[in-house]
Amino acid sequence: MFGRVHAAVSLLAAATVLTGCTSTVSDIKITMATGSEFGVYYSLGNGLADVWSGRLGIARPQVVRTDGSRDNVLRLVSNQAQVGFSQADALEGVPGSEKLRALARMHDDYLQVIVRADLPVTKLRELSGLRVSTGATGSGVEIIANRLLKAANVTPQAVSLGLDDSAQQMQEGKLDAFFWSGGLPTPSITNLTKGLGVRMLDLKDDLPQFRQQYPVYGSATLPASIYNLQSGPVITLVVRNFLLVQESMPDDVAEALVRQLFEGQPDLVKAHSAARTIEQRSAIETSPVPLHNGAMRYYREVKV
C-alpha cells in the first residue's frame, strides 16, 4: 500500500511541474520493468532511462531485469513498476491488465527458433523428443512457444530457461533448441552463430493455421543477413511490442515521457538499433490496449 501511495504522490508532483507549478520535475520516480540483461527490452530500457533523465531532468529511472512480458505486466498491475515493456499477447488473462495503458507501440518482436547446426532439424515438428527451452517462466517467449508447440502437436523435452541460460546450455551441449522472441539482432544469438553454429527454423508451414487461431500475431521474413545465416532467410512469427504504464499516471507525465521518447530517439538508437523502427504513425497502433490520454494528447499535437 505504501508503495502505491508513494508512486502516486511522486507522479502527481511531477504533473504539477509540467503544468507550471512550483514543484520540481526531479520528483518523478520511475521503476521500469524490462527483461533479460542481453535482450532488447533491457537495452531500450536503459536508453530510455538516459533519455528521460537527461532531457526531463528527473532522477534516472530504475531499470529492472525481469523474466519478460508477462512478468512486466504483473509488476505494472501490482505497482512494482510504473513503466514496462510487453508483447501484445502477454496481457491476456492477467487480472487488472485492463487498467493498463500504452504510451506507444515500439518495435516488433521476431520469434526465433534456434537449433544446433549439427542436428538434422529443419521443421518445427522435428523438435519432438529433443531438449528444448520454451523461455523463462512468466515471459512472452513462453506464451508463444507453448501455443505454437501445442498447435503443431509437438512434444519436446521442454525446460523453462531465459535467453542467457538457453544460450549457455546450448553452448555446453545440454540443449538442442530454444525459443526466443525479440528485436533484431539479439547479441546472444549473434554470438552463437559465430561460435557454436546454429540454424533458425522456417515456420512458413505452421503459421497460416496458427494465425487463424491467434490473430494477434503476424508473420514476416527474417533476413539471413541479420545473423549471417547460411540456410538463408526464414519466415517467422512477429508480435507487436508496447510501452505500458498505469492508467492512473497523470496525463502531463505520460505526455512528457512520450514526447521525449521521440525527441530523444537518436540517442535511443544508440542503445539498440531496434529503436530505428519506432515511428509516430505506427506508435498509435496499440490495440487491444488503449492509448493513455496523455500519450493521445501528444499524438494529436504532432498531428499523427
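The values are calculated or read from the model by the stated rules, or taken from the named source; none is laboratory data. Predicted, not measured: the structure shown is a model, and the values here were computed from it. Methodologically, a virtual Cβ is constructed for each residue, glycine included, from the backbone with ideal geometry; neighbour enumeration extends over all protein chains shown. Remember, those area values only see protein heavy atoms, side chains included, never the ligands or the DNA or RNA. Shrake-Rupley method; radii C 1.70, N 1.55, O 1.52, S 1.80 Å.
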Of all DSSP beta bridges having both residues in the chain, the percent classed as antiparallel (nearest 5) is 70 percent
With a 1.4 angstrom probe the carbon and sulfur portion of accessible area for the chain, in percent, totals 50 percent
Amide H contacts under 5 Å for LEU291, restricted to residues at least 5 apart in sequence or on another chain and with H modeled in the peptide plane, are ALA102
Expected field for ARG199, accessible surface area in Å² at 1.4 Å probe radius, rounded to 10, holds 60 Å²
Per residue, accessible area of the chain with a 1.4 Å probe, heavy atoms of protein chains only, in Å², comes to 43 Å²
XL table LYS29/LYS99; LYS174/LYS204; LYS99/LYS150; LYS174/LYS194; Cα-Cα > 26 Å flagged, in table order, is LYS174/LYS204; LYS99/LYS150
Summing -39500 (n - 2.57) over every DSSP H run of at least 4 residues in the chain and dividing by its residue count gives a helix-only mean residue ellipticity at 222 nm, to the nearest 500 deg cm²/dmol, of -11000 deg cm²/dmol
Expressed as a whole-number percentage, the relative contact order of the chain with C-alpha contacts under 8 angstrom and at least six residues apart is 24 percent
Relative contact order of the range 57-198 (C-alpha contacts under 8 Å, at least 6 apart) in percent is 28 percent
Most packed first (mean Cβ within 10 Å per residue), the peptides 138-148, 171-181 order as 138-148, 171-181
